[in-house]
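The values are calculated or read from the model by the stated rules, or taken from the named source; none is laboratory data. Bear in mind that the values here come from a model prediction, so they are computed numbers and not experimental data. Note: areas computed on protein heavy atoms with side chains; ligands, DNA, RNA excluded. Shrake-Rupley method; radii C 1.70, N 1.55, O 1.52, S 1.80 Å.
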Amino acid sequence: MLEASDTAFWRITLPHSAAAVPMARALIRTALADIGPTADSDTAELLTAELVANAVEHTSPDVPIELVVALLPTGCQIEVHDGDPGPPGDLSTPVPGHTPDLWQEHGRGLLLIRTLSADCGHRTTEQGKAVWFTLSAR
């Protein structure tokens with residue numbers, strides 16, 4: 001269990017619109033800059049943008065989207081909470097026989113998260129689900 005002094009948290013409610021993506025990226029950039037060199041902020045921004053965009057596109061606007069950032073001694077964990085309890089897809093392994101078309105606008109987000117994060121997954125929450133990833137400190 002981490003002591004409170006070992007972890008810094010940021011939590012923000014995002015609008016259920018395309019404006020949520022740049023807001024989330026800005027929060028990640030600010031949070032990671034506040035603590036100096038840590039996990040790769042470019043990768044953190046990219047993966048966060050993917051999760052937030054998925055939440056905006058695939059969930060009902062009735063429940064807000066929340067972004068939670070935990071800065072850990074070993075890196076960071078970023079979560080996106082939404083109102084849909086259904087799993088986002090398989091974050092642990094690719095679907096057999098399914099390779100995302102790299103020329104299409106959609107379908108690569110989970111591949112990026114699986115490939116670039118140290119770990120990722122999802123869990124149910126009282127409001128729906130949280131999809132998360134971790135990045136190790138550099």
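Overview of results
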| item | result |
| --- | --- |
| Selection from the stretch 72-86 of residues that are part of a strand (DSSP E or B) and either farther than 14 Å from residue 41 by Cα or open to solvent by 10 Å² or more (accessible area, probe 1.4 Å) (or both) | 72, 77, 79, 80, 81, 82 |
| Residue within the stretch 36-44 that is open to solvent by 60 Å² or more (accessible area, probe 1.4 Å), under 14 Å from residue 17 (Cα atoms) and either at pLDDT 85 or above or assigned to a strand (DSSP E or B) (or both) present | no |
| The stretch 54-71, residues that are acidic (Asp, Glu) and part of a strand (DSSP E or B) | 66 |
